[in-house]
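Since the structure comes first, as structure tokens, the remarks are kept for the end.
The values are calculated or read from the model by the stated rules, or taken from the named source; none is laboratory data. Just so it is clear, the model here is predicted, and its values are computed rather than measured. In this analysis, Cβ positions are derived from the backbone assuming ideal geometry, glycine residues included, and neighbour counts consider all displayed protein chains. Calculation scope for accessible area: heavy atoms of the full protein, side chains included, ligands and nucleic acids excluded. Shrake-Rupley method; radii C 1.70, N 1.55, O 1.52, S 1.80 Å.
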Amino acid sequence: MTAAENGGRGVAGDNDTAVDITIVSSEVQVQRLLPLVRAYCDFYSVAPSNESLLLVSRALIADPIHEGVQLLAIDGGRDVGFATIYWSWETTTGGRIGVMNDLYVDASARGRGVGSALIEECVQRARAHGALKLVWQTAVDNLVAQRVYDNIGATREAWVDYWLDAR
């Protein structure tokens, strides 16, 4: 059952776990999400302020149709992971795409299908939004995540990333 079939809440997982996945849509959920987002940032050794992280979540809640959504994974009443999808367009695809910018599962819940369940819910959300595909990237040395992505049948691409500071 997808979240759309379950009133905005998804129940997904493999044989080892069933996880409830919901769209972050309230200030209470934003506050629950913050420790997971902070842990995600710590994993990548970056340190945006809590206020900046809250600003992102609140912007998504304010305009999920144009901006994107955050998903919260709950297992046994405990927040165990999240994913963020931003809506964009891709010329080489010729249409709208979903960009899974963030995927994080708490270390205590890894290896039980939570990440796969979050990805599947992201795919369902992208499909419902009219996206032609869901895209994402991970660090070259994040081999654990790469195994998950390879196991779910994702297509691996090779691009060289660049960026400039626009502040």
* To do: Once you have a ≥ b ≥ c as the square roots of the Cα gyration tensor eigenvalues for the range 109-167, tell me rounded if a/c is under 1.5, and otherwise prolate or oblate according to whether a/b is larger than b/c.
  => oblate
* Asked: So what J values fall out for the range 151-167 if you push phi through Karplus, 6.51 cos²θ - 1.76 cosθ + 1.60 with θ = phi - 60°, rounded to Hz, Gly and Pro as x?
  -> 5, 8, x, 5, 8, 8, 10, 10, 10, 9, 8, 10, 7, 10, 6, 9, 6
* Over the Cα atoms of the chain, compute the convex hull volume and normalise it per residue, giving Å³. => 134
* With charges set only on the Cβ (+1 for Lys and Arg, -1 for Asp and Glu), what does the dipole of the range 59-120 come to about its Cα centre, in debye to the nearest 20? -> 180
* Structure fact -> Helix-only [θ] at 222 nm, the chain, -39500 (n - 2.57) per DSSP H run of 4+, per residue, nearest 500, equals -10500 deg cm²/dmol
* Asked: Using alpha-carbon pairs under 8 Å, 6+ residues apart, how would you state the relative contact order of the range 80-167 in percent?
  -> 26
* Structure fact -> Quick calc, the chain, dipole around Cα centre from Cβ unit charges on Lys, Arg (+) and Asp, Glu (-), nearest 20 debye, gives 140
* Selection from GLY113, TRP89, GLY68, by position along the positive dipole direction of the range 54-167 (Cβ) -> GLY113
* Hey, what's the range 47-167 come to in accessible area per residue, 1.4 Å probe, Å²? -> 61
* Structure fact -> With a 1.4 angstrom probe the carbon and sulfur portion of accessible area for the chain, in percent, totals 55
